[in-house]
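Undergrad: Got a structure here, written out as structure tokens. Questions coming.
Every read-out reported here was derived from the displayed coordinates using simple, explicitly stated rules and does not represent laboratory data. Keep in mind it's a predicted model, so treat the numbers as computed, not measured. With ideal geometry, Cβ positions are generated from the backbone for all residues, glycine too; neighbour counts draw on all protein chains shown.
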Amino acid sequence: MNSIVAEEPVERAQTTPEHPVVFFDGVCGLCNATVDGLMKRDRDGVLRFAPLQGETADRVVTSADRENLNSLVLWDENGLHRRSSAVVRILWHVGGFSKFLGGLLWLVPWPLRELGYRIVSRYRYAWFGEKEACRMPTPEERARFLP
């Protein structure tokens, strides 16, 4: 599926991950709820998760992503994807009905997707809260979380 408007360029990480990795703001209430929802829907265990404040993010994503924390980042076989493009690709990786929703979202012109993403990102702490520390995985989830 192609978008009429070209997406902003993405840097490529040095290697390709074995599993797609979702980097998220570990203290954001919305981000943590999103991770919980993805874990439930990703029944095949395709995705891995890492906080933007963690060691894995230090090695893979840009310092701007780690400092700003306004961007969900996906690292997959095609490189790094940010914000709304990351959301769409994450839904594709989850599969099932999520893949269909990702396809519908992909049809929304990139500038509109980005505008919606940036509005939610700007107000996410006010709307969904901020935690004191990064999310700690349960013992069952540990294998899917990277430091």
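Undergrad: Averaging sequence separations of C-alpha pairs under 8 Å and six or more residues apart, then dividing by the length of region 21-132, give the relative contact order as a whole percent.
TA: Answer for region 21-132 is 32 percent.
Undergrad: Here's a follow-up. Would you kindly state the longest site-free stretch of the chain, with sites defined as trypsin sites (Lys or Arg not before Pro) in a DSSP loop (not H, G, I, E, B) surrounded by at most 12 other Cβ atoms within 10 Å?
TA: Between the exposed loop sites, the longest stretch runs 44-147.
Undergrad: Nearest 0.05, what FRET efficiency do Glu18 and Phe97 give at R0 = 35 Å with Cβ-Cβ as r?
TA: 0.85
Undergrad: A further question follows. To the nearest whole percent, what portion of all C-alpha pairs in the chain is separated by more than 25 angstrom? List each step's numbers first, then the result.
TA: Numbers: 2472 of 10731 pairs.
Roughly 23 percent, rounded to a whole number.
Undergrad: Placing +1 at every Lys and Arg Cβ and -1 at every Asp and Glu Cβ, with all other atoms neutral, what dipole size does region 5-147 have around its Cα centre, in debye to the nearest 20? Please list the in-between numbers first.
TA: Working: 19 positive and 19 negative charges, 73 e Å.
So the magnitude is around 360 debye.
Undergrad: Please figure out what share of the DSSP beta bridges in region 21-132 is antiparallel and state it in percent, rounded to the nearest 5.
TA: For region 21-132, the DSSP antiparallel bridge percentage is about 65.
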